[in-house]
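Q: Okay, here's the structure, questions in a sec.
The values are calculated or read from the model by the stated rules, or taken from the named source; none is laboratory data. The structure displayed is predicted, hence computed values, not measured ones. Cβ sites come from the backbone with ideal geometry, for glycine too, and all protein chains shown count toward neighbours. Surface accessibility is based on the protein's heavy atoms, side chains included, excluding ligands, DNA and RNA. Shrake-Rupley method; radii C 1.70, N 1.55, O 1.52, S 1.80 Å.
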Amino acid sequence: MTEAALEIRSLRKAFDAKVAVDDLDLDVRAGELYALLGPNGAGKTTTLRMVTGLLKPDKGAIRVFGVDALKDPIAAKRMIAWLPDEPMLYDKLTPLEYLEFIAGLWGVDPKLAAERAEHLLKLLGLWDNRDQRCEGFSRGMKQKASLAGALVHDPKLLILDEPLTGLDAAIARQVKNLLMQKVSEGATVILTTHILEVAERMAQRIGVIQNGRLLAEGTLDELRAAHGDGKDTLEDLFLEMTGQADEAELA
Amino acid sequence: MKLFRQGSLGWFLEHELRISWRFLASMGGGKGRSIIITFAVIGLTALGLAATIGLALRSKGVHAPPLGDLPAIVVIIVDGVLLFTASLMMAQTVGVATMVFNDRGDLDLLLASPTPPWKILATRMLVIAFNSMLFFQILSLPLILTATAITEYWGLLAIPLVVSLLALVAAALGVAIAMGLFRILGPRRTRIVAQLIGVATGLSIVVMTRLIRGSGGKGLRPLGPWLHDSGLEPAARWMARAATGSPVELISLAAGAIGIFALVTVLLGRRFAANASIAAGEAQPARANTRRAPSTFKTRGLRKIMVIKELKLLWRDPSLISQVLLQILYLPFVMFITLSGRGGSQFFTHVTYAICAGAMAYVAGQLAAGFGWLTISAEEAPELLTCAPVTSDQVARAKVTAVVLPVACLLSVLSIGLAFLSPWAGLMAFVGSCVCAAVIAYIELWMQRPGKRSSFRMRRRGSGSPWVAILEAVICMLFGSVTGMAAAGTAWAILPALLLVAVVAIVASLNKDKWLTGDA
């Protein structure tokens, strides 16, 4: 049986009266790319922020590779990298200094970290900019530097929230290639995206969430079999499942 | 019905005032409106009280001689106060004038609209003038009302008007100086140099008061003949007459001030738009480090990497450094002036040392508040630290170290200087400064409010932060008292020390659990 990279059980989070995540159960297998989809305000980011330790759940359980992330958050965090839609960068640091800082936070051996940093910056086309401060970077370059930061400690579980937002086609391709490469090397990737073609092409399994609850989960074929006529695109299925099909037609 | 025509100067001012009002109203977590109303009620009560006291004194027979043709001493006092006020306003406006083209806010929107740049410049200058005079008006109005009631000389009510006119001139000159610096030095250096000019202007007042004090104990009287001999007496009398309500002088002063303001607006309006666009381009430069990156990373503990990161971020932002260090720049001068004024009995010498030690602890706290806000509240990647496999306590300790270390380094220089005169006072000053900095760093940690580094100047104006500033000022003052009294060797230091411990304990118990709870 495949090891579970992430197990979420009865997870709940409310902000005052608004329930963002409502008794959510979710399983992500090790070594897969899992796309978490949902309309705006569905609870995707809230769920992932709870997994990464940025938010405290009201109740429920989160296990990362068998480690209870709520009881032993440090051990869980060692295995996780979080990449939000807004890059977590320091404007006055260079990409290399940023990676050195992150390597220090995760306690990566400096020699190994330096090698990884060079590899990642070259792979993402930032090596020539390694001595420039991030403040002058475009959004795409910042996103790439942030992605390099997420990968420099070689996480087992990479969680990305809208990683392709605002990127041009070439940079988006680079990011997608790198994610696929990490999956092929055995890492687990969870991403949220509103670009359904990305999920359709890249994800091994897809979860659809709405009002904090999981509506459906499975491979694209499984979703088609359960919710469509077998030929539907992911967009058709998504709009049908979330009840937005009529809305989309009207538009 | 709209009060002003769309696109007019008044319309822009109305817009600025509305934004400012809503900003103030949102302070203190939305309690700003009630806070402003409370302050307004207190202010009006103070004004009423001042007028009542004046009238009561008048009814008791306390009279002031009619001003008539102003005696020399009155001219000197009135002009001195006005000069002092104008200089301080000037110090403030030069310092903030660069914000006119650096503070983006809605500037890009306004410049992209078909509004003539002079209108935007004029509005911003009026806002600067308003901010710079507000403090003096609030402070002086009760005194002026009292004096008016006693003397029954209604002309004194012209003083607030004169202060307003001086604020207009100060704002116009401040912006003109900033524009000149911008042309010569470029946007980056202008911000720093303008702040330094502001400090120098402020310091000149301190030096001037010291010179007056040092004029052989004769006070202001020798200035009378000096004014007469130098030929400045007519100008001095003209200004004093304007301030005491003489219509011709007042109208000519108003015409001059408004003329200078209008001239700067018209002449520099176009230049302002050009500077703003240059400053916008400079805001995000692709700057390379002067040193090449090392081929390997170094092994460092969390505390060390955090301190290095914070120092790098600060060092690479000269504008922030200058803003933080402005607080300490006054200290060596004030210490020098205070120490040079010592003498007489040994008792007074010890008191002087104690004052210096106390002042150092106070300044250390204020410095730590600045560094602390930058390090803790303005952390650029808080989520990165929360996601990292380190405990919040580890991060907290590393952050506090990053705040205390630069403060300790800066204050150690002054402590060593003081230790040459009094080793005990020097030691107390250093210990007091370090402990004060650490406590303030923890206050910043417990009561942090997320903000952007670019809004450092405005850090105390949003989301309840004014209360943090007041609390920090109180704690710094208590530390100053404890350090000063300990440096003087008196056991009474225990009293403010106990009060200090109580205040910090209460703040800690109320806030410490808020630090990185996960829902922050």
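Q: Within segment A:52-78, can you find the residues that are closer than 14 Å to B:Pro389 by Cβ and more than 9 Å from chain B (Cβ to nearest Cβ)?
A: If the condition is that a residue be closer than 14 Å to B:Pro389 by Cβ and more than 9 Å from chain B (Cβ to nearest Cβ), then A:Val64, A:Phe65, A:Val67, A:Ala69, A:Asp72 are the ones that fit.
Q: Going by the structure shown, is A:Leu89 over 19 Å from the mean Cα position of the chain (by Cα), at pLDDT below 95 and open to solvent by less than 20 Å² (accessible area, probe 1.4 Å)?
A: Considered against the rule, which asks whether it is over 19 Å from the mean Cα position of the chain (by Cα), at pLDDT below 95 and open to solvent by less than 20 Å² (accessible area, probe 1.4 Å), A:Leu89 comes out as no.
Q: For A:Ala117, only one of the following conditions fails: (1) of a type in the set (Gly, Ala, Ser); (2) under 29 Å from B:Pro318 (Cβ atoms); (3) more than 8 Å from every other protein chain (Cβ to nearest Cβ). What is its number?
A: (3) is the only condition that A:Ala117 fails.
Q: Identify all residues within segment B:358-385 that are of a type in the set (A, V, I, L, M), surrounded by 22 or more Cβ atoms within 10 Å (Cβ to Cβ) and more than 14 Å from chain A (Cβ to nearest Cβ); write none if there are none.
A: B:Met360, B:Ala361, B:Val363, B:Ala364, B:Leu367, B:Ala368, B:Ala369, B:Ile376
Q: Sort out for me the helices (runs of 4 or more DSSP H) sitting completely within segment B:105-199 that have 1 or more residues that are within 21 Å of the chain's Cα centre (by Cα) and at pLDDT below 85.
A: Correct list: B:117-151, B:158-185.
Q: Checking B:Ser230 against (1) among the polar types (S, T, N, Q); (2) modelled with pLDDT under 70; (3) open to solvent by 50 Å² or more (accessible area, probe 1.4 Å), which single condition isn't satisfied?
A: (2) is the only condition that B:Ser230 fails.
Q: Which is open to solvent by less than 20 Å² (accessible area, probe 1.4 Å), within 14 Å of chain B (Cβ to nearest Cβ) and under 27 Å from A:Arg9 (Cα atoms), of A:Asp154, A:Asp161?
A: On the way: A:Asp154 fails: open to solvent by less than 20 Å² (accessible area, probe 1.4 Å).
None of the other options fit; the residue is A:Asp161.
Q: Could you tell me whether segment B:165-176 includes any residue that is over 22 Å from B:Met239 (Cα atoms) and out of contact with any Cys (no Cβ under 6 Å at 6 or more places or on another chain)?
A: The initial filter retains those residues of segment B:165-176 that are over 22 Å from B:Met239 (Cα atoms), namely B:175-176.
Now narrow it down to the ones that are out of contact with any Cys (no Cβ under 6 Å at 6 or more places or on another chain): B:175-176.
The answer is yes, given that some residue of segment B:165-176 is over 22 Å from B:Met239 (Cα atoms) and out of contact with any Cys (no Cβ under 6 Å at 6 or more places or on another chain).
Q: Let me ask something else about it. If the requirement is being within 23 Å of the chain's Cα centre (by Cα) and within 27 Å of A:His194 (Cβ to Cβ), which of these qualifies: A:Ile102, A:Ile80?
A: Going through A:Ile102, A:Ile80 in turn, just one is within 23 Å of the chain's Cα centre (by Cα) and within 27 Å of A:His194 (Cβ to Cβ): A:Ile80.
Q: For residues that are surrounded by 15 or more Cβ atoms within 10 Å (Cβ to Cβ), without any contact (Cβ under 8 Å) to a residue 24 or more places away in the chain and not small (Gly, Ala, Ser), scanning just segment A:60-82, find the one that is nearest to A:Asp22 (Cα to Cα).
A: That would be A:Leu70.
Q: Would you be able to tell me the number of residues in segment A:120-137 that are at the interface with chain B (Cβ under 7 Å from one of its Cβ atoms) and either under 16 Å from A:Met88 (Cβ atoms) or touching an Asp or Glu at 6+ places or on another chain (Cβ under 7 Å) (or both)? Full working, then the answer.
A: To start, the set of residues in segment A:120-137 that are at the interface with chain B (Cβ under 7 Å from one of its Cβ atoms) comprises A:130-133, A:135-136.
With the extra rule that they be either under 16 Å from A:Met88 (Cβ atoms) or touching an Asp or Glu at 6+ places or on another chain (Cβ under 7 Å) (or both), the set shrinks to A:133, A:135.
The qualifying residues number 2.
Q: Among the residues of segment B:144-164, are any over 25 Å from B:Arg241 (Cα atoms), in contact (Cβ under 8 Å) with a residue 60 or more places away in the chain and open to solvent by 20 Å² or more (accessible area, probe 1.4 Å)?
A: No, segment B:144-164 contains no residue that is over 25 Å from B:Arg241 (Cα atoms), in contact (Cβ under 8 Å) with a residue 60 or more places away in the chain and open to solvent by 20 Å² or more (accessible area, probe 1.4 Å).
Q: Next question, about the same structure. Just one of the numbered conditions (1) charged (D, E, K, R); (2) open to solvent by 40 Å² or more (accessible area, probe 1.4 Å); (3) within 15 Å of A:Leu215 (Cα to Cα) is not true of A:Lys44; which one?
A: Every listed condition holds for A:Lys44 apart from (2).
Q: Something else about it: Pick out the one residue from B:Leu405, B:Leu418, B:Leu427 that is assigned to a helix (DSSP H, G or I) and within 23 Å of B:Ser322 (Cα to Cα).
A: B:Leu405
Q: I'd like to verify a number: residues in segment A:16-30 that are open to solvent by 50 Å² or more (accessible area, probe 1.4 Å) and over 17 Å from the mean Cα position of the chain (by Cα), how many? Walk me through how you get there before you give the answer.
A: Narrowing segment A:16-30 to residues open to solvent by 50 Å² or more (accessible area, probe 1.4 Å): A:16-18, A:23, A:25, A:27, A:29.
From what is left, the residues that are over 17 Å from the mean Cα position of the chain (by Cα) are A:16-18, A:23, A:25.
Of the residues in that region, 5 qualify.
Q: Is it the case that segment A:213-234 has a residue that's over 23 Å from A:Leu11 (Cα atoms), in contact (Cβ under 8 Å) with a residue 24 or more places away in the chain and surrounded by 15 or more Cβ atoms within 10 Å (Cβ to Cβ)?
A: The answer is yes, given that some residue of segment A:213-234 is over 23 Å from A:Leu11 (Cα atoms), in contact (Cβ under 8 Å) with a residue 24 or more places away in the chain and surrounded by 15 or more Cβ atoms within 10 Å (Cβ to Cβ).
Q: Out of (1) at the interface with chain B (Cβ under 7 Å from one of its Cβ atoms); (2) closer than 22 Å to A:Ala172 by Cα, the odd one out for A:Pro87 is which?
A: (1)
Q: Filter segment B:411-442 for residues that are modelled with pLDDT under 90, open to solvent by 60 Å² or more (accessible area, probe 1.4 Å) and under 25 Å from the mean Cα position of the chain (by Cα) and give the result.
A: Correct list: B:Val413 only.
Q: Does A:Gly38 qualify as being more than 9 Å from chain B (Cβ to nearest Cβ) and either without any contact (Cβ under 8 Å) to a residue 24 or more places away in the chain or open to solvent by less than 30 Å² (accessible area, probe 1.4 Å) (or both)? Quick ask: steps written out before the conclusion?
A: On the way: more than 9 Å from chain B (Cβ to nearest Cβ): yes; either without any contact (Cβ under 8 Å) to a residue 24 or more places away in the chain or open to solvent by less than 30 Å² (accessible area, probe 1.4 Å) (or both): yes.
Considered against the rule, which asks whether it is more than 9 Å from chain B (Cβ to nearest Cβ) and either without any contact (Cβ under 8 Å) to a residue 24 or more places away in the chain or open to solvent by less than 30 Å² (accessible area, probe 1.4 Å) (or both), A:Gly38 comes out as yes.
Q: Then there is this: Contact list please: Cβ distance under 9 Å, first residue in segment A:92-107 and at pLDDT below 90, second residue of a type in the set (Phe, Trp, Tyr) and assigned to a helix (DSSP H, G or I), pairs at least six apart or on different chains.
A: These pairs meet every condition: A:Lys92/B:Trp315; A:Leu93/A:Phe101.
Q: Moving to a separate point now. If I ask for residues that are free of Cβ contacts under 8 Å to residues at least 40 places away in the same chain and either within 14 Å of chain A (Cβ to nearest Cβ) or small (Gly, Ala, Ser) (or both), which ones from segment B:386-407 would you list?
A: B:Cys387, B:Ala388, B:Pro389, B:Thr391, B:Asp393
Q: Also, quick follow-up: List the number of the failed condition for A:Ser184; all other conditions in (1) over 23 Å from A:Gly166 (Cα atoms); (2) in contact (Cβ under 8 Å) with a residue 40 or more places away in the chain hold.
A: (2)
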